[in-house]
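Report on the structure given below.
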Amino acid sequence: MKRYSSYKQAGFTLIEVIVVVSILLTLIGLIITNPLNLRESTSINTFVYTLITDIKNQQIKAMVGDTEGRGIPDTYSIYIEPTKYTLFHGQNYSDGDSSNFAVTVDDQYQLLTIFPSNKIVFASGSGEIVGFAQNQNTINIVDTRTGQQKVITINKYGVVTGIN
């Protein structure tokens, strides 16, 4: 007669199975949620860098004396509204000017600024900001879906000194 106590049973215990399943579920949860957060973060960062590029292009036009066919160098500016920003030449913004270039902001974003008159004006030749005020030098970008915010800080020379 064989003794059953000397036989080993193959398999896993219930605790081992529960531990392995919980580790797998945790990993699957991280894999599923991380790309969603990464996409939102990438999206707002892309918009921030697009805006900064447009700001720098306006400054460069002012510095090099780009006339855009008008004959004389001029200041170049950006007018910021909650749903769009407009690139224009000169110091005074006119909504009906056909040479303006308006960039409509995606519905999920909102622009807020404390620059005087919601404008950034770059001086012809130097590229410095005309009428710069130390405490009025930020642009806030708010993602209305996630509540995420980015704040762009610009100094009097038109240099981006911070993106928070």
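The values are calculated or read from the model by the stated rules, or taken from the named source; none is laboratory data. All values reported here derive from a predicted model rather than from experimental measurement. Reconstructed Cβ throughout: ideal geometry from the backbone, glycine too, with neighbour counts over all protein chains shown. Heads up: the accessible areas ignore ligands, DNA and RNA and are worked out on the full protein's heavy atoms, side chains in. Shrake-Rupley method; radii C 1.70, N 1.55, O 1.52, S 1.80 Å.
Some values worked out for this structure:
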{"read-out": "Area accessible to solvent at Val64, 1.4 Å probe radius, in Å²", "value": "110 Å²"}
{"read-out": "Sorted peptide list for 105-114, 78-87, criterion being average Cβ within 10 angstrom, highest first", "value": "78-87, 105-114"}
{"read-out": "Distant-in-sequence amide H partners of Tyr109 (H built 1.01 Å from N, under 5 Å)", "value": "Thr144"}
{"read-out": "Total lysine pairs whose alpha carbons fall under 15 Å of each other in the chain (8 or more apart, or interchain)", "value": "4"}
{"read-out": "Assigned charges on the beta-carbon of Lys, Arg, Asp, Glu; the chain dipole about Cα centre (debye)", "value": "1100 debye"}
{"read-out": "Karplus 3J(HN,Hα) series, Hz, for segment 139-150 with 6.51 cos²θ - 1.76 cosθ + 1.60 (x for Gly, Pro)", "value": "10, 9, 10, 10, 8, 5, 7, 9, x, 5, 10, 10"}
{"read-out": "Amide H within-cut-off set for Thr75, under 5 Å, with H built and near neighbours excluded", "value": "Gly90, Ser124"}
{"read-out": "Per residue solvent-accessible surface (Å²) - segment 38-90, probe of 1.4 Å", "value": "48 Å²"}
{"read-out": "Between helix 14-64 and the chain: long-axis angle, C-alpha atoms, 0 to 90°, nearest 10", "value": "10 degrees"}
{"read-out": "Diffusion coefficient, µm² s⁻¹, Stokes-Einstein with Kirkwood Rh over alpha-carbon pairs of segment 37-142 at 20 °C and 1.002 mPa s", "value": "149 µm²/s"}
{"read-out": "Accessible area of segment 121-164 belonging to carbon and sulfur atoms, whole % at 1.4 Å probe", "value": "45 percent"}
